[in-house]
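First the structure, in the form of structure tokens, and then the observations on it.
Just so you know, all these numbers are worked out from the coordinates, no wet-lab data involved. As the structure is a prediction and not an experimental result, all values here were calculated from the model. Cβ placement follows ideal geometry from the backbone for every residue including glycine, while neighbour counts extend to all protein chains displayed.
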Amino acid sequence: MHLIDEIYTRWPHYGYRRIRGVLRDMGYVVNKKRVLRLMRRMGIAGLFPGPNLSKRNHQHHTYPYLLRGVKAERPDHIWGIDITYIRIKGSLMYLVAIINWYSRYVVSWELSQTLERSFVMRALKKALAVRKPEIINSDQGSHFTCSEYIELLKSNGIQISMDGKGRATDNAITERFFRNLKWEKIYYEEYRKPREVYRAVRTYIDEYNYERPHQAIGHQKPADLYFGQLKPAEITLATT
């Protein structure tokens, strides 16, 4: 799964046949059925945008995409929320992250060993306890179309936006963050325990938020741009 994860993260449009071809070029003898079985276990498929970690429940409600042609113009104008997987020896963990599109600041995040809805709600409630966006964007997965998620956003007066089906570019900022996290941190180690993954993710996000200039925001640091209009006493947002 480790190599499949790396190949897929680099080329998310690859299906199991092309991934099998890359593995064979690397010297691994593996059949297509095994690659397909492992990809299904990881919750991924070669249909852009990538990981299918939050399957849609057709009984739940979906909302239109509100952000076509819209640019984030101020802190807390637009947030994006999404889920990805992180490999751990013999298994997977799941990461949900909420990112402020204006500053690229990671507002909140949570890790879980399962895809139960609770870890998504914990991350969202933690973020909303301190700040609120005007709009939040997600995919149409069941985590983001369930009544608990929808009602929490409505009760806080937040507009709900959801990606168009099969349109990865609708949530590209969050997807790019996940790719960077994996290539710059996760792939350097073989994680055996959940706490090791937690430490790695927390270290990366702290550095990403507070220490690294970001090209997309004029080489500013995400936290500097996000909190730039706030007084020091207001900078109390917890990460996790």
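Observations on the structure shown:
- Separation in nanometres of the label points that stand 7 Å from Cα toward Cβ, at Ala172 and Arg202: 3.4 nm
- Gln215/His61 FRET efficiency (R0 35 Å; Cβ-Cβ; nearest 0.05): 0.40
- Förster radius 35 Å - calculated FRET efficiency between Arg192 and Leu152, Cβ distance, rounded to 0.05: 0.50
- Volume of the convex hull of the range 78-234 (Cα atoms only), normalised per residue: 121 Å³.
- Per-peptide packing, taken as the mean over residues of other Cβ atoms within 10 Å, places 114-123, 134-143, 73-82 in the sequence 134-143, 73-82, 114-123 from highest down.
- Placing a pseudo-label 7 Å from each Cα along the Cα-to-Cβ vector at Arg74 and Trp183 gives an inter-label distance of 3.5 nm.
- Put simply, when 208-219, 144-155 are sorted by average Cβ atoms within 10 angstrom per residue, most first, you get 144-155, 208-219.
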